[in-house]
Structure formats: structure tokens, C-alpha cells
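Nothing in this text is a laboratory measurement; each read-out follows from the coordinates by a stated rule. Not measured: the values here are computed from a predicted model. Cβ coordinates were reconstructed from backbone atoms using ideal geometry, including for glycine residues, and neighbour counts include every protein chain displayed.
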Amino acid sequence: MKPSPLFARIIAIALIVVSFSAVAQKKANVVILATGGTIAGAAGSGVQSGYTSGQVTIDAMVNAVPDITKLATIKGEQISNVGSQDMSFEIMLKLAKRIGELAATADCDGIVITHGTDTMEETAYFLNLVVKTDKPVVLVGSMRPSTAVSADGPLNLYNAVAVAADPNAKNRGVLLVMNDWIHSAQTLTKVSTTAVQTFMSPIRGLIGTSAYGKNEYYRYPHNLYGAKSEFDVTGVTKLPRVDIIYADADMSPDLIDASVKLGAKGIVIAGVGNGNMNKVSLDACARAAKAGVIVVRSSRVTTGNVDRNVEVNDDQLGLVASYDLNPQKARILLSVALLKPRKPAEIQKLYYQY
Ligand code: GLU
């Protein structure tokens, strides 16, 4: 007997609803790339401040957060196991390559990177410049080791996986999730040596929040990143030498001259105020610029831009202003930019764009 047209229609609608909800319920695949840091750190007791970073493996970290497997199907890979004070360009390049490979496969929906917080902003910003994917790439760490009373790592990891598994997190550049806040790699900075709320995104603010895996988003980053970034590190094994030199009252210019002699291709000054330094240091910067070294004025102050020609005549001295990048991120941008020769004016444009 042939089914009536009405019955056939009901069956068809039911099939569509079932297949839609199967798609909706499909668990995301998230790969966790572990690099070390306090999130993988261990101490002799739960209440001591001394501990060693990078002691706990990725499997042990994931096993400490059982509900995490309800958010996503998780795979883990150990890229390194270091305190992030030992993070190197070599490890960053390895990470970028692996993220590129994973993101290109259909069975990876998002990537989480566990990392020490000390140099998290450098790695996050580097990846933001060079990784070409719109899939979520999320860095996470902790301020307390895994053995501490009230360790913050497990919930941070849970929230990071929730963001990496979330299609709404796509195309927002490289993110950092810690203590319920979602930061852009471009804006975040570490502001406390010990507090759990150590990352801030001054002035431009958060990308969103993640509380017990419930995510909310407020904005997309304003700058260029991901597929829109012109930087490509495919096949790159080494980055050019760029030094950061810290300015203060009565600063000595010798280190600027020494940096040039030691072969730096770029120098970033962590200047006072709006990227300032004393006259003798400014003269040394002008000498360096004349010798073909790119000199970028950034600031040791946490918030505010460093712009051209405010108190320093950048046009005359051939210098570059870091705009909204702090010294450590200004160094990353310059290191990547100097993979090919560029003039100060071209580099200046990059600081406004990235
Ligand atoms: N030095 C450690 C690191 O960056 C401590 C900071 C942390 O992970 O919280 O790996």
C-alpha cells in the first residue's frame, strides 16, 4: 500500500529534524597541544609557593577534569614541557606548524595550547600573526600548580576547551582563556606575578567571557590576523635577532650600540612614557637606524599608544613607533616582519595594522 502524501510529508519532516539535531549534537573534536607551564606544574605540598613548571603530562591534565569529555572529543599532544621562561622561537615555530597541519584537517574543530603564563603573550601574538585558520586557537594556563589548594588549571582548561569547541569562537584570531575571561592575543598582557586574575586587555577590552563552559562574545579583534595576515613562516627555522632595551632615568646608551655591534637587525626600546628616552640614547638610536637597524620605540607603561613625532622627531631620526604594542609584542612583530628586508616606513605601517 502506498503511504498517503500527508504521511510521507510527516516522515520527511521527521527525518530532517532528526538529521539536524544529529548535526547540532555532534561533539566537536579538540586537540590540546601541551607546552608546559604552571598548569602542568607540581609542588611538594598544596600550600607552598615553590614548585616546578612542566611536570604533569597532557593526559594527567585532561584526566583531572572529567567533564571535559562532555564538551568535546579530546586528543592531546605534547609539544614541549617547559616553564614558559624557556619558551623559544624554535618551539613557537613548531607550534605554528602543527596548528597549521591540524587546522587543515576536517577532524579538528579547534585547538587548545597549554602554556606557562610568563611568556604567553609572546606566543599568543606570534601565532595570531602566522597561523592561517579561522578555527578557534585558544591558549590557556594557570597561576597555581596542579597540586595547589584551589588550583585554577582544571577550570581554565575546561573553559578553554569550551571556547575551542564553539563555532562562535571562529575567526576571532588567537585567543587566551583564563579565569573566565576570553582575551585577544593582540590585547592581552600579564599584569600580576602571582594573582589568578593576571591577564588584562587594557583599553580595547575582552573578546568575551567563559563561565563553566558557557561562552559569551562581545567583539572581533580590530587588527589583522589569521588568513588576513601577510606573514608566513612556512619553512622558517630561525627568526632574526631583535633586542629589547629598557629605558629609565639616566639610561646609558651603551647597550644600544652593543646591540648593533652584536648583529641585531632590530631594536625595541621599552621607553619611558610615550616611548621616550634621554638625549644620549636617542642619539644612539639614530646611529643604529642610520646603520640600517630598525629601531622601534615602545613603552614600559602598561596602557596607551606610542605614536610618531610626539616628543621625538621620528621622521628626522628614521625611527618607528610601536603604536599599541608593548615591547614584548613589538619584538615579535619586528622579528617576523624582518624575515624579509623592509624600510622603516613599511614597518611603521605594520604597527598600525597588526
Ligand atoms: N614560570 C612559569 C611559566 O611561565 C610560571 C608562570 C605560569 O605558568 O603561571 O611557565
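Structure above, values below:
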quantity: Answer from Asn156, Asn81 - the residue that is within 16 Å of the ligand (Cβ to nearest atom) and part of a strand (DSSP E or B); calculated: Asn81
quantity: Any hit, region 312-323, residues being surrounded by fewer than 24 Cβ atoms within 10 Å (Cβ to Cβ), in a loop (DSSP other than H, G, I, E, B), out of contact with any helix residue (DSSP H, G or I) (no Cβ under 6 Å at 6 or more places or on another chain) and not aromatic (Phe, Trp, Tyr); calculated: yes
quantity: Which listed residue is surrounded by fewer than 17 Cβ atoms within 10 Å (Cβ to Cβ), touching a Lys or Arg at 6+ places or on another chain (Cβ under 9 Å) and not in a helix (DSSP H, G or I), from Gly235, Gly271, Gly304, Gly292; calculated: Gly292
quantity: Matching residues in region 193-215 - criterion: being within 14 Å of the ligand (Cβ to nearest atom), part of a loop (DSSP other than H, G, I, E, B) and either in contact (Cβ under 8 Å) with a residue 12 or more places away in the chain or surrounded by 14 or more Cβ atoms within 10 Å (Cβ to Cβ) (or both); calculated: Thr194, Ala195, Val196, Gln197, Thr198
quantity: Members of region 101-133 found to be surrounded by 17 or more Cβ atoms within 10 Å (Cβ to Cβ), away from the ligand (no atom under 16 Å from the Cβ) and in contact (Cβ under 8 Å) with a residue 60 or more places away in the chain, listed by number; calculated: Leu102, Cys108, Asp109, Gly110, Ile111, Asn128, Leu129, Val130, Val131, Lys132, Thr133
quantity: Every residue from region 56-78 that is surrounded by 17 or more Cβ atoms within 10 Å (Cβ to Cβ) and assigned to a loop (DSSP other than H, G, I, E, B); calculated: Val56, Val65
